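The values are calculated or read from the model by the stated rules, or taken from the named source; none is laboratory data. Keep in mind that what you see is a predicted model, and the values were worked out from it rather than measured. Reconstructed Cβ throughout: ideal geometry from the backbone, glycine too, with neighbour counts over all protein chains shown. Note: accessible area is taken over every heavy atom of the protein model, side chains too, but ligands, DNA and RNA are not part of it. Shrake-Rupley method; radii C 1.70, N 1.55, O 1.52, S 1.80 Å.
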Amino acid sequence: MADPVAIISQNLLEIRQRIAEAAAHSGRDASDVRLVAVTKYISPDLVPALVQAGARDLGESRPQELWSKVDTLKEVEVRWHLVGHLQRNKVRRTLPLVHLIHSVDSLRLLATIDREAAVAGRIVPVLLEVNISGDPEKHGFAADQLPAILPQLAESTHVAIGGLMAMAHRQGGRDVARHDFAALRTLRDRLLIDAPANVSLAELSMGMSGDFEDAVREGATLVRIGRALYEGLEKPRS
Ligand SMILES: *Cc1c(COP(=O)(O)O)cnc(C)c1O
């Protein structure tokens, strides 16, 4: 059986090259784009291989899955990102484990994180998830709802709102994805004009295996890559 570390290393190398090319193409520096390696397709026993291959920012979409995967890497320096929906009853257990929560999708969740962060004496970095494609099945703030709630965000003094996260429309193809990414950047630029002090919005988390180059061209600072990392592995989970 082929060595998973070798396979993932090769995939990671190719993805990093493609990110660098897309960045160069739009006059950006590749070091301004961080690759978050999404672990949801691999079992916990393969997570160390991902780290050995060179990934240092790891992302998980399900909180319980993140909890158990964190335990596989006790001695290693990695940054965990939660990229999927966070239920409010899972906030307390998740907060100490994560470097960044990409998926704050409601004011109620934001308030819960703020409260728990205050109890822990921390300021927790988060991104606001925007339902940029308007898909009724997706989580996230509606783009046109955000300007109105911006002043309320100042009340959450124990969160640092570092940017926006979105997924492109599922069926649209690359042109639609590119349009969605540009819309997220434009929204960010518009929100910045009136943003309170705890809202900096420097980060744009957008782009996955099928569309990360378009996202980088439109200003992504964090790309969340799953599938493309595991190509060639014997049996990645579906
Ligand atoms: C699964 C997932 C990804 C990675 O998707 P791929 O297409 O496998 O690269 C990125 N972001 C979120 C929120 C995800 O759930």
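One table, with the values for the structure above:
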| item | result |
| --- | --- |
| Top of GLU75, GLU65, GLU213 by mean-square fluctuation, Gaussian network on the chain, Cα under 10 Å | GLU75 |
| Neighbourhood net charge (12 Å Cβ-Cβ; Lys/Arg +1, Asp/Glu -1) for VAL36 | +2 |
| Rounded, prolate or oblate (a/c below 1.5 giving rounded, otherwise prolate when a/b exceeds b/c) for region 6-141 by Cα gyration tensor | oblate |
| Percent carbon-and-sulfur accessible area, the chain, ignoring ligands, DNA and RNA, probe 1.4 Å | 50 |
| The chain, relative contact order [Cα under 8 Å, separation at least 6], % | 22 |
| Candidate residues ARG188, ARG18: accessible-area rank, largest first, probe 1.4 Å | ARG18, ARG188 |
| FRET E, pair GLU231, ARG170, Förster distance 30 Å, beta-carbon r, rounded to 0.05 | 0.90 |
| Chain lengthening between ALA20 and LYS74 when straightened (0.36 nm per residue, less Cα-Cα) | 16.3 nm |
| Computed label-point distance, nm, for sites HIS179 and GLU137 using a 7 Å Cα→Cβ extension | 2.0 |
| Long-range tail of P(r) for the chain (Cα pairs > 30 Å, %) | 23 |
| For region 169-236, size of Cβ-based charge dipole, Lys and Arg +1, Asp and Glu -1, in debye | 100 |
| Rg over Rh, two decimals, region 138-193 (C-alpha only, Kirkwood Rh) | 1.02 |
| Rounded to the nearest 20 debye, dipole of the chain from Cβ charges on Lys, Arg, Asp, Glu | 480 |
| Cα-Cα pairs of region 141-238 separated by more than 21 Å (percent) | 41 |
